[in-house]
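The structure appears below as structure tokens.
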Amino acid sequence: MASRLVVADASPLIGLAAAGAFDLLRRLFGQITITDSVRDEVLAGGERPGARELAEAIGAGWIIVVNAPCDASVFPTLGAGEASTLVYAMGRSESCLVLMDDLSGRAYARANGLSLTGLAGVLVAARKHGYVDSVRALLKKLEACDFRLSREVIDTLLELAGEA
């Protein structure tokens, strides 16, 4: 379990829910922080993956929602969730890990010196900690829900998970 602040964007939350593996976040990190923009984005999905899981996790107290207003001009190419996540993470004095899949958002995170991982990194970490038996099985669930990862990412992910 991580002892540092973990701030998540919507995509890893939605992807883990689609794979039936949302609880990996709690198991790996203990507590997750999201911005109100990320909460609103995921909950707007209604019956889509992530909405129910997120509402339950917020209710259980292991996902914390923070208000993180963000001037759209700070990260003009990003959506509100990605931008608010980065602004919130950059404003912390403590060590912070950002969970984000958006390529532009990841580039901004790296440029600003933030530690970063995404859905793929969470799946590899879960496999290495013995929380899942098969990353390949989770990837099949993601594919069935039209959650897309590139062939290159899938191949690398399976190799890192020891399932190539």
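The values are calculated or read from the model by the stated rules, or taken from the named source; none is laboratory data. This is a predicted model, so every value here is computed, not measured. In this analysis, Cβ positions are derived from the backbone assuming ideal geometry, glycine residues included, and neighbour counts consider all displayed protein chains.
Of all residues in the range 129-155, count the ones that are loosely packed, with under 13 Cβ neighbours inside 10 Å and assigned to a helix (DSSP H, G or I).
Qualifying residue count, the range 129-155: 5.
Under the condition of being within 18 Å of VAL132 (Cβ to Cβ) and at pLDDT 95 or above, which residue from the range 1-13 is surrounded by the fewest Cβ atoms within 10 Å (Cβ to Cβ)?
Here is the first cut: in the range 1-13, the residues within 18 Å of VAL132 (Cβ to Cβ) are 1-2, 12-13.
If we keep only those that are at pLDDT 95 or above as well, we get 12-13.
Values: PRO12: 25, LEU13: 29.
If we take residues in the range 1-13 being within 18 Å of VAL132 (Cβ to Cβ) and at pLDDT 95 or above, then PRO12 is surrounded by the fewest Cβ atoms within 10 Å (Cβ to Cβ).
If I filter the range 63-74 for residues that are modelled with pLDDT of 95 or more, surrounded by 22 or more Cβ atoms within 10 Å (Cβ to Cβ), on the phi < 0 side of the Ramachandran plot and out of contact with any strand residue (DSSP E or B) (no Cβ under 6 Å at 6 or more places or on another chain), do I get at least one hit?
At the first step, the residues of the range 63-74 found to be modelled with pLDDT of 95 or more are 63-66.
Checking the rest, the ones that are also surrounded by 22 or more Cβ atoms within 10 Å (Cβ to Cβ) come to 63.
When the remaining residues are screened for being on the phi < 0 side of the Ramachandran plot, the result is 63.
Of the ones still in play, those that are also out of contact with any strand residue (DSSP E or B) (no Cβ under 6 Å at 6 or more places or on another chain) are none.
Checked the range 63-74: no residue is modelled with pLDDT of 95 or more, surrounded by 22 or more Cβ atoms within 10 Å (Cβ to Cβ), on the phi < 0 side of the Ramachandran plot and out of contact with any strand residue (DSSP E or B) (no Cβ under 6 Å at 6 or more places or on another chain).
Would it be correct to say that LEU139 is modelled with pLDDT of 90 or more and touching a Leu at 6+ places or on another chain (Cβ under 8 Å)? Lay out the reasoning, then the answer.
Working: modelled with pLDDT of 90 or more: yes; touching a Leu at 6+ places or on another chain (Cβ under 8 Å): yes.
Answer is yes for this residue.
Can you name every residue in the range 108-117 that is touching a helix residue (DSSP H, G or I) at 6+ places or on another chain (Cβ under 6 Å) and assigned to a loop (DSSP other than H, G, I, E, B)?
Result: ASN112, LEU114.
Just for the range 75-99: of the residues that are part of a loop (DSSP other than H, G, I, E, B) and touching a helix residue (DSSP H, G or I) at 6+ places or on another chain (Cβ under 6 Å), which one is surrounded by the fewest Cβ atoms within 10 Å (Cβ to Cβ)?
The residue in question is THR77.
Need pairs with beta-carbon distance below 6 Å; first residue in a helix (DSSP H, G or I) and within the range 19-34, second surrounded by fewer than 18 Cβ atoms within 10 Å (Cβ to Cβ) and not aromatic (Phe, Trp, Tyr); sequence gap 6+ or separate chains.
PHE29/ALA2
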